[in-house]
Structure formats: C-alpha cells, structure tokens
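Working notes for the structure below.
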Amino acid sequence: MKMEKGLLTLHWIKNNKKRSLIITLVIIVILIVINQIINSNKGITDKEKIESHGVNIKSFGAKGDGVSDDTKAIKRAFNSEDVSDLYFPSGKYLITSPIIVTPGTTRHVSGGSDVVISVKLAAGENLLELSRNISFENIVFDFNHGFLRYGMFFHAELGNISLKNIKFKNIKDSNSNDGTIIVYIETQGNRLNVQDIAFEDMQKKGNGVITDYAGNLTCLYITNVVTSSAVGKIKGVRINNIHNIDSKNNITNEDTSGIYVITSKNDNKNDLHIEDVYGYNFGKRLIKLHASNVNIKKVYAYSETNDALSAIFVNSGEGLGEKVNSVIEDVTIRGKAYIALAAVGRNTTFRNIDIKIEKTTPTSNSQNTGILIMGDNVVVENAEIEAERPIFLERNTDSSGSVKNTRLKNVELRGTDGGS
C-alpha cells in the first residue's frame, strides 16, 4: 500500500513538472508575441504609418525644418508619376516661388500633426496652380504676412475637389495692382467637397476702386469659365479678420468676400450647399452669391469693425442673367453692419433669421437695414430683425417697377434709433 502511494506521488510529481514546463513555454511564447507587437508599433510610428498615408515628402528631398527651401522638392513630388499619395510628416516646409502642377495622376496630400507650409512669395505670384486633381488634408498654409495672388488655383475638368481641415493665415499684401484669391475653383467638370477650412488674419491694400478686380481679397472663389454648374458641398468655414487696408494700414470698405460664388447665364442646374459658416470681422461680405440654386444653412456673422456691407448678399443680373431660387436659413447676425442680408435675386427664401445690428461709422448718414429686398417673390419666414430699417424694399436698378410679391411669415420687426 505504501509502495502504491509512493508510485502515485512520483507520477503526480512528473505530471506536475510536465504541466509547469508547458505553462512556462506558453508564457515565453506570449512574451515573444507581445515584444513583436511592441516593436511593430514602434515601426508604425516611425515609418509604416507614414507609408500607409502615402510616400514621405522627405524622400523627394524636403527637409521640413523651416529654414531649407523645399520648393523644388515639393514641386517634384506633386508632379511625379512614380507615386500616388503623399504624406508630410510634422514640420515646417518652406516654399519661396510658384509651383505649377501639370496634368497627371490624381493624388491625395495629407499632413501629420503640426504640418505648416510656410510661404514667402514676391508680389503678384501664385502658390499652387493645379492642372491635376490633388486633394489636401490636415495642412496649415502660413503666408508670413506677405504677398499672394492665387493660393490654390484648381482648373476645370479635375473631378472631385477635396479640401479637408485646411487653414490659410497671415497675408498682408500691399500690392494693389492685382487681386488676391486664396482658393480659386473653376466649376466646369469639378465637384466640390470642402470641409473644415479656415482663413485667418488677412489684409489686402485696396486701390480705392470698388468696381475692379485690383485690390480685391476673396477667400474662397467659385466660378465657371463657360456654361457649367456649381455642384457640391462646402461645410465648416471659419473666416476671421479679413480686411482691405489703405497705405496707412487703416481698415477700408472696398472689396472683400469670405465666400464668393459667381456662375454664368443658364445656371439653373447649380446644386451647391454651403453649411456651418462662421465669420468674425469678416470684411465687406461674408458670403456673396451671384448664382442660382444655392442653399446656405447655419451661418453666424459678427463684426466689430466698420467695413461690413452685408453678411450675405444675393446678387443678380449685371450681364450674368437673373439669379433665382436660393435658400438661406438658420442665420444669426450681430455687431456692425450696413445691410445684414440682401436679396436682388428672384425667388430667394430667408428662413429662421435672427438679426440684431448696429450702425457702422462710414454709413452714419444712412440707416442700416436688416433685410434689403430688391428682387421679386422673396420670402422671409420665422425671423426676428432689429435694425434701423428692419426690412426695406427697393427695386434693383437693372429692373423697372416696384418689388413684387414679398411674403412675410412669423416675422418680428424692431426699428432702432428712429428707424422704420
């Protein structure tokens, strides 16, 4: 009996040692796998992550140190046919002369965290002229308080124009012989997909003439060169501190626009949606439309300066045909403005409007206006308007007779300072 118990004990010890050996081997294998995962993650951070977003721009010779001139390297990369997408690792990349991108393969250009393209151009120069479709994401363009003619010029027939999480800042252009347009998009053969784009701290010396292009400053310009439609979506636009200035750096009321959409005659196939626009000290106009069938939603406009003509101006005529059927809704306007909203175009609808504006100094001899109606068949619905003239009807100079068929529904009007 004792011998049997001894044999059983010995057998149990052998089995337990075997079990312990198996457990130990399993633990070793697990540790090896964990170590490989850790090393693999390190590799992803340093290299594979970059490659997953595209070819590293530094492989073309860019330094990204903010001192070395990266113009030639970026130009080679953008025009290369040997790569698809491009990735900018964190850094500051210096561009000192225009980059012309020739037709070729569509590509996506994205940046890691804290990517700044530092731009230093001569007067009248463009940054990027794009004859191929390049989309941009997660990049800041800093113009170092210098010159610019066109920032990004997208030519016709490129396809889906995509800009996402892009910021442009620090322009101070004293060249009044040319206008400045930060993003210029031709509509023919293109569809817009713009999301989260910002324009900050931009000044342009005016030439004293409001009817010409020279001295103009426009952040986002959408137009067509032939009869074509403006199609797509713009969502999340931030426009802060955009102004014309004179030779003494004083803010002037000349010709600035945050978003400017202008299309030619027969533009009834436009299908453009603009949503979530914020403007602070936005210059003369936050949004200017000279186009049909544009839908604008969720706009907040506030101005402390004296150069705000209007937050949203719907224009018509002037050789481009009558503009119709635009809808503007969910709009809040505060601060100083001469005209909060204006409708020259026919069949314009304003819905869910909240206006409370103050007089601007340059217009001290004229009453400010909540909504100026100059076109027929304008609808104002669900609105609270506080201004010297909450609503004012005046026929456009291109037309004759009185303004027809203005309809107000659930509108509260409050005149201020003796207005009516």
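Could you tell me the calculated FRET efficiency between Val83 and Ala214, based on Cβ-Cβ distance and R0 = 41 angstrom, to the nearest 0.05?
E between Val83 and Ala214, to the nearest 0.05, is 0.55.
Based on the alpha-carbon gyration tensor of the range 59-415, what equivalent-ellipsoid semi-axes (square roots of 5 times the eigenvalues) come out, in whole Å, largest first?
Three semi-axes, in Å: 37, 22, 17.
Please work out how much length the chain gains when fully extended from Ser113 to Ser174, using 0.36 nm per residue of separation minus the C-alpha to C-alpha distance, in nm with one decimal.
Net length gain for the segment: 18.8 nm.
Give or take rounding to whole Å, what are the principal axis extents of the alpha carbon atoms in the range 262-364, in descending order?
Per principal axis, max minus min of the Cα coordinates gives 39, 26, 18 Å.
Find the eigenvalues of the gyration tensor of the Cα atoms of the range 203-277, then list the square roots of 5 times those eigenvalues as equivalent ellipsoid semi-axes, largest first, in whole angstrom.
With the √(5λ) rule applied to the range 203-277, the semi-axes are 28, 16, 7 Å.
Using the alpha carbons of the range 88-181, what is the convex hull volume per residue in cubic angstrom, as a whole number?
Taking the convex hull of the Cα positions in the range 88-181, it is 90 Å³ per residue.
Between Asn250 and Asn325, what is 0.36 nm times their sequence separation minus the Cα-Cα distance? Round to one decimal in nm.
23.2 nm
Give, in nm to one decimal, the length gained when the segment between Asp69 and Asp196 is fully stretched (0.36 nm per residue of separation minus the Cα-Cα distance).
Result: 42.9 nm gained on full extension.
Among Asn268, Gly189, Tyr87, whose Cα sits farthest toward the positive end of the charge dipole of the range 59-415 (+1 at Cβ of Lys/Arg, -1 at Cβ of Asp/Glu, about the Cα centre)?
Asn268
Bear in mind that the values in this text are calculations on the coordinates, not laboratory data. As the structure is a computational prediction, the values presented were derived from the model and not from experiment. We place every Cβ from the backbone using ideal geometry, glycine too, and count neighbours over all the protein chains shown.
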